[in-house]
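Values in this text are rule-based calculations from the coordinates and carry no lab data. Please read all numbers here as calculations on a predicted model, not as lab measurements. Virtual Cβ from ideal backbone geometry, glycine too; neighbours counted across all protein chains shown.
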Amino acid sequence: MRVEGVVAALLISCVAAMAEDTKPINFSGDWWNNRCGLATLVEQGSVLSGVYIPSSGLEAGQKLPLTGFRSGTDLISFVVNFGSNGPITAWAGQHTVEEGTEKIVTEWYMTVDVPDEKESTELYRSIWAGSDVFVRDKPSRCK
C-alpha cells in the first residue's frame, strides 16, 4: 500500500506540473527589447493590440500601432508599421523563462521600399532579418 501511495502522489505531482506548464502565458503588459524598444501588448483572446515605441531611428519615441496574435500556450507574432513610407516589421517568437526572467525570444523580418527603378536589380534588399529578445523589466541601460 505504501508504494502505491507514493506512486499516486508522484503521479499527481507530475500531472499538476504538466498542467502548470500548459497554462497559456498572459502576454499583456510592457516588453522591452535588446535595443530598448518598448512593446506594450494588450491581449484579448488570441488577438494582440497595443503600441511599439522604438528607441532609435526616425520614429524614436513615437507610439506606433501594433497588432498580432498569440497561439497555444506561449507562441506570439505581431506587426508594426513604421509610418506611411516607413518599413513594416513582423516579429514571431516564443515565451520562455530563463533564470527567473520572462523572455520572448523572436526573429523579425522588416521590409523597406526599394525605388521602382531599382527593383529589377535590387529588390532582394527590401527584406531585412534579425532577432530580438523582449523582457518584462526595463533594462538598466535603457533611458
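Would you mind ranking 80, 42 so that the residue whose beta carbon has the fewest other beta carbons within 10 Å leads the list?
Values: 80 25, 42 13.
Neighbour counts put them in this order, fewest first: 42, 80.
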**Asked** Under a GNM of the chain (C-alpha, springs under 10 Å), which listed residue has the highest mean-square fluctuation: 92, 39, 129?
**Response** 129
**Prompt:** Check residue 37: other-chain or 5+ apart residues with amide H under 5 Å from its amide H, H built from backbone geometry?
**Reply:** 55
**Request:** Rounded to whole Hz and in sequence order, give me ³J(HN,Hα) for region 52-62 from the Karplus expression 6.51 cos²θ - 1.76 cosθ + 1.60, θ = phi - 60°, writing x for Gly and Pro.
**Result:** 10, 10, x, 9, 8, x, 4, 9, 3, x, 7
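Nearest 0.05, what FRET efficiency do residue 140 and residue 51 give at R0 = 25 Å with Cβ-Cβ as r?
Details: r = 23 Å, r/R0 = 0.90.
Efficiency, rounded to the nearest 0.05: 0.65.
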**Whole-angstrom gap from region 51-102 to region 119-140, using each part's C-alpha centre** = 11
**Prompt:** Using a cut-off of 27 Å between alpha-carbon atoms, which lysines can reach residue 138, once sequence neighbours fewer than 8 places away in the same chain are excluded?
**Reply:** 23, 63, 103
**Request:** Take every Cα pair under 8 Å in region 25-135 that's 6+ residues apart, average their separations, divide by the length, and report that relative contact order as a whole percent.
**Result:** 18
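Among the GluC sites (Glu not before Pro) within region 27-123, which fall in a DSSP loop and have no more than 14 other Cβ atoms within 10 Å of their own Cβ? Kindly include the intermediate steps, with their values, before the conclusion.
On the way: sites: 43, 59, 98, 99, 102, 107, 117, 119, 122; in loops: 59, 99.
Listed in order of number, the matching sites are 99.
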**Prompt:** Hey, if you drop one equal point scatterer on each alpha-carbon of the chain and run the Debye formula without solvent, what base-10 log of I(q)/I(0) do you get at q = 0.12 Å⁻¹?
**Reply:** -0.59
**Complete:** In nm, the gap between the two label points placed 7 Å beyond Cα toward Cβ at residue 121 and residue 22 is 5.8
**Asked** Given springs between every Cα pair under 10 Å in a Gaussian network model of the chain, which of 100, 50, 72 has the largest fluctuation?
**Response** 100
**Asked** Using every alpha carbon pair in region 29-80, what percent of pairs falls into each 10 Å bin from 0 up to the bin containing the largest distance?
**Response** 27, 52, 19, 2
